[in-house]
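The next block holds one structure in the form of structure tokens; read it before the comments.
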Amino acid sequence: MTTVLEEFRLQVRFCEDFGSHFTAQLLARAADDIEAGGIVAQLTANWPGHPRADAVSLRVAGALHAAALTGRDAMLAVEYPHAKPTWSMDRVWPLAEAFLRREEAWVRAFMKSPPQTNETARSTGLASAYMWLAQLMPQPFHMLELGASAGLNLNWDRFAYAYPSWDRQSVIGPMMPTVVTGQPPPWRDIAIASRAACDQNPLDPANADDRLRLRAYVWADQSARLERLNAAMELSRETGLKVEKADAAAWVAAHLAGDLPPGTSVVYHSVFLQYPPVDVRTAIAAAIEEAGARTRGDAQLAWVRFEPDSILSGDRSSARYVLNAVTWANGQRSETILADVDPHGRTMSWCG
């Protein structure tokens, strides 16, 4: 199992790869602090779960970002990237280390909840999958999102998209900046009859503490991501959509029980399936497959997955993230890889 220190060092590389030099340097200093037996070592000692799956390093980074965003530590706030684009980790880390020591109890409480970012830029992939489904499957669509966090991506059809062929730039909603290669299906207006979602720990965009937690887990030097998040949270507050607190396997089984409604029920999720244990993933798949076998007439089913290929294909050596769609029509199953996708939604290469 990955140790806490290894998880911090690994996350440093991830942050560099995804363009957050601030978070990479912050976590590198935190990793050094672990080796020196400092406050980060104390905060993470005897971690009860799996450090990598629990993203322990990002919990520490999230606590510090929350303190900067709220001014809980005024000195830290003025040295963070949102206030000082010319930030220096030589100035930031001593303040961060002092805050962790001074506010240890608050930091420990913050670290109890897992990171949630609800990355809205993944919606370019999700929207592309729905446009693809609209060419093949009956409408209206009944949307069922698993691991939805705050449910921001339930509003994917109300977002603006930078993909020129869709001509969605004028839409009132956050702009999704994904660079698209290949040619996804053209945008078309679709009928959505219902929107529902679940999460084990749902966040409410109308709740100030939940909004702060979502903002805190955006890497502090990625202001465009934070702006998209803020816009998506405001849109979510306007639409009033709520995420149900539930186990994904039980929730999807209940929603797919009995006769499916006319149109197409679409179960979907993005960078979610790697987190539930194997038995839960197996139960989710079993419930969906069983419902797919029962599809008849104008009541069909689709399963859209924006996930690591290593989870979907079982090839542990694969570093790809893919957009994958499984459809059932009259009990007949079909599976298609639609695109290679970036896990943060920065790029998408359409191949469907």
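Odds and ends about this structure:
- Per principal axis, descending, Cα span of the stretch 113-193 in whole Å: 40, 28, 24
- In whole angstrom, the stretch 125-283 maps to an equivalent ellipsoid with semi-axes of 24, 23, 15, each derived as √(5λ) from the alpha carbon gyration tensor and ordered largest first.
- Relative contact order [Cα under 8 Å, 6+ residues apart], the stretch 143-285, whole percent: 34 percent
- Put a plus charge on the Cβ of each Lys and Arg, a minus charge on the Cβ of each Asp and Glu, and nothing anywhere else: the dipole of the stretch 197-352 about its Cα centre is then about 120 debye.
- Antiparallel bridges, percent of DSSP beta bridges restricted to the chain (to nearest 5): 45 percent
- Degrees between helix 21-35 axis and first principal axis of the chain (Cα, 0 to 90, nearest 10): 60 degrees
- For F18, F306, order by how many other beta-carbon atoms lie within 10 Å, fewest first: F18, F306
- Kirkwood radius, the stretch 260-352, all distinct C-alpha pairs, inverse of mean reciprocal distance: 13.9 Å.
- Estimated translational D of the stretch 55-145 in µm²/s (Stokes, Kirkwood radius over Cα pairs; 10 °C; 1.306 mPa s): 99 µm²/s
- For the stretch 4-110, alpha-carbon Rg and Dmax in angstrom: 12.9, 37
- By the count of neighbouring beta-carbon atoms within 10 Å, fewest first, V266, V12, V40 end up ordered V12, V266, V40.
- Exposure proxy shown here: for E6, E145, the number of other Cβ atoms within 10 Å sets the order, fewest to most, as E6, E145.
- Cα-based Rg of the chain normalised by 2.2 N^0.38 Å, two decimals: 1.02
- Longest segment of the chain lacking trypsin sites (Lys or Arg not before Pro) that sit in a DSSP loop with at most 12 other Cβ atoms within 10 Å: 189-315
- Sequence-separation-based contact order of the stretch 4-110, relative, with Cα cut under 8 Å and 6+ spacing, percent: 25 percent
- Relative contact order computed over the chain (Cα-Cα under 8 Å; 6+ residues apart), in percent: 17 percent
Only the coordinates and a few stated rules stand behind these numbers; no lab work does. Please read all numbers here as calculations on a predicted model, not as lab measurements. Counting neighbours? That spans all protein chains shown, and the Cβs are built from the backbone with ideal geometry, glycine included.
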